[in-house]
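Asks: Dumping the structure here so I can ask a few things about it.
Each value in this text was obtained by applying a stated rule to the coordinates, not by laboratory testing. No experiment lies behind these values; they were computed from the predicted model shown. Here the Cβ positions follow ideal geometry from the backbone for every residue, glycine too, while neighbour counts run over all protein chains shown.
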Amino acid sequence: GIEFIDSYVFNKVEHIRFNSTVGRYVGYTEHGVKNAEAWNKGPQLGQEQAELERFCKPNAALHYR
């Protein structure tokens with residue numbers, strides 16, 4: 001399968017990651033955990049899922065033919 005990961009890094013530290021396999025944001029720092037909880041309840045989650053459908057899946061299909 002294919003996995004889409006969108007990481008949010010500041011000062012070389014990963015704070016939040018969207019992982020398509022998990023289907024939600026995961027926080028890796030105290031600040032990241034708080035934001036991940038909010039983003040999972042807000043429009044950001046739908047935007048990531050839409051990006052997966054719009055960009056990742058069609059391009060993966062082309063790549064793996």
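Asks: Only residues that are closer than 13 Å to SER20 by Cβ and more than 12 Å from the chain's Cα centre (by Cα): list them for segment 39-53, please.
Replies: GLU53
Asks: State which residue pairs qualify: first residue in a helix (DSSP H, G or I) and inside segment 34-61, second residue surrounded by fewer than 12 Cβ atoms within 10 Å (Cβ to Cβ) and among the acidic types (Asp, Glu) in any location, beta carbons under 7 Å apart, and separation of 6 or more residues or different chains.
Replies: No pair meets every condition.
Asks: Considering only segment 9-25, state which residues are exposed (fewer than 15 other Cβ atoms within 10 Å of the Cβ), of a type in the set (Val, Ile, Thr) and not in a loop (DSSP other than H, G, I, E, B).
Replies: VAL9, VAL13
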